[in-house]
Amino acid sequence: MATIIGTDGNDILVGTAKDDRFIGSAGNDTIAGGDGSDIIDYSDLGQPVMIQPAGFQKGTVGTDTPKDVVETLIGATRQANSIDATIDATNVSIIADLSKEKLEIKVAGSTRFAVAVKNFVDVTGTNQNGIITGNAVDNQLSGSGGNDIIRGSAGNDSLNGESGTDTADYSKIDVSSTIFIDGTLKKGGGLGTDLLFNFENVVVDARAANNTIDASISSSSPFIIGDASVNANLETQSFIINNLPSGNTAGFTFINFDNIKGTNQSDTIVGDKQKNLLFGNGGNDTLSGKSGNDTLAGGLGTDTLTGGQDADKFIFTSVLEGVDIIKDFKAVEGDKIQVSQAGFGAISTSDFSYDPLNGSLFFQESRFAIVENKPIGFQANLDIQLV
């Protein structure tokens, strides 16, 4: 392999008919690799390298122009090297996978070609549909135009779908994820926390347990969320934020989630056939578990709880939270009412009583729930658990 080194001026560098290595330096250089598998190596440049459609920008020391396809491009060591595929053309798309050090460029009607890219951390896509995958460092990944798929990985990343209908894809990270209402996504296993912007769809790993939608921080993000409430449905994979400060609503598709935590306002939260944890938080919430062995906790407010099929738990942590309505308690299915012993100050289940005439449940003299379906044979000492 021939090694070709330019000066710090503006050079024209021409390779051989075999494999060549061009050592990047300052200046506005023109590089023609010719035949063979060629490498442009900016490892020692000391400036961040940006791959652009027309050439390679080298920080403040120049821009190189390739005259033919480069098979491998190595970015500067310890620099935030980036790929910026922004272009006005409507026939160019990319697949960039930093974890595999691979950039594929496709021009409609022509053959797709691939370039090995090493030491790159940030990517901006084209105005067409693209696929962008990060690596284990902190990435900034932007879809630009088109309907893009941006795949998160380890690291504290920033993902921006920009225009189009875009998907943040965490389906293969092998850990659970929690998406917060402000667009923060926390990855389990210490993989990091990402910031998501302008995505219509979020997909997490179905193999991981306890993937969670957490809208409970809305009161701490007043300028972003305000007094928002949510309609969240795991069965239809729909997540809608109501009452945004702009007066509008925002709708998303959240795929492969198991649990939901609501806002401090009145939410509607629906589970699916999995084992769901549904927590209303504040407000007068409506919770429905559907099938599966679900856990429903209304939190503060007067909440309506429907367990659905299978063995469900209805959670009460304090007698001061409000009087909730349980729509469908069924002991025969294994349903239980689970009460915090410390939160209630209870000594035993003998502190609780049930009025079969109206379905009211009492702790001492304080009513904390109404079992609306008034199940025959309900017994506080059997159907209430102290934890």
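The values are calculated or read from the model by the stated rules, or taken from the named source; none is laboratory data. Not measured: the values here are computed from a predicted model. Neighbour counts run over all protein chains shown; Cβ positions are idealised from the backbone, glycine included. Side chains included, ligands, DNA and RNA excluded: accessible areas come from the protein's heavy atoms. Shrake-Rupley method; radii C 1.70, N 1.55, O 1.52, S 1.80 Å.
Odds and ends about this structure:
- Residues that are in contact with a Leu (Cβ under 7 Å, 6 or more places away or on another chain), modelled with pLDDT of 95 or more and over 20 Å from L45 (Cα atoms), drawn from region 79-114: A96
- Considering I23, I40, the condition of being under 42 Å from the mean Cα position of the chain (by Cα) and either charged (D, E, K, R) or open to solvent by less than 20 Å² (accessible area, probe 1.4 Å) (or both) is satisfied by I40 alone.
- Residue check, K100 out of contact with any helix residue (DSSP H, G or I) (no Cβ under 6 Å at 6 or more places or on another chain), among the basic types (K, R) and surrounded by 15 or more Cβ atoms within 10 Å (Cβ to Cβ): no
- Selection of region 47-79 for residues being over 34 Å from the mean Cα position of the chain (by Cα) and of a type in the set (G, A, S) yields only G62.
- Within region 60-79, the set of residues being surrounded by 18 or more Cβ atoms within 10 Å (Cβ to Cβ) and either touching a residue at least 40 places away in the same chain (Cβ under 8 Å) or more than 27 Å from A17 (Cβ to Cβ) (or both) comprises G62, D64, V70, L73, I74, G75, A76, Q79.
- Residue list for region 361-374, filter: under 41 Å from the mean Cα position of the chain (by Cα) and either over 13 Å from F316 (Cα atoms) or open to solvent by 70 Å² or more (accessible area, probe 1.4 Å) (or both): R367, V371, E372, N373
- Any hit, region 185-207, residues being modelled with pLDDT under 95 and part of a loop (DSSP other than H, G, I, E, B): no
- Of the strands (runs of 3 or more DSSP E) lying entirely inside region 232-301, those containing at least 2 residues that are among the hydrophobic types (A, V, I, L, M, F, W, C) are 238-242, 250-255, 268-270, 277-279, 295-297.
- Scanning region 226-256 for residues that are polar (S, T, N, Q) and more than 17 Å from the chain's Cα centre (by Cα) yields S229, N231, T236, N242, N243, S246, N248, T249.
- Selected residue (only one of I149, I105 is within 27 Å of G34 (Cβ to Cβ), open to solvent by 20 Å² or more (accessible area, probe 1.4 Å), without any contact (Cβ under 8 Å) to a residue 24 or more places away in the chain and among the β-branched types (V, I, T)): I105
This table checks each residue for (1) in contact (Cβ under 8 Å) with a residue 24 or more places away in the chain; (2) open to solvent by less than 60 Å² (accessible area, probe 1.4 Å).
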{"residue": "K186", "(1), (2)": "no, no"}
{"residue": "G190", "(1), (2)": "no, no"}
{"residue": "F199", "(1), (2)": "yes, yes"}
{"residue": "V203", "(1), (2)": "yes, yes"}
{"residue": "A206", "(1), (2)": "yes, no"}
{"residue": "N210", "(1), (2)": "yes, no"}
{"residue": "S246", "(1), (2)": "no, no"}
{"residue": "K261", "(1), (2)": "yes, no"}
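- Number of the condition not met by I179 [criteria: (1) crowded, with 21+ Cβ neighbours inside 10 Å; (2) more than 9 Å from the chain's Cα centre (by Cα); (3) touching a residue at least 40 places away in the same chain (Cβ under 8 Å)]: (2)
- Enumeration of residues in region 327-342 that are open to solvent by 40 Å² or more (accessible area, probe 1.4 Å) and either of a type outside the set (S, T, N, Q) or over 43 Å from the mean Cα position of the chain (by Cα) (or both): K327, K330, A331, V332, E333, K336, A342
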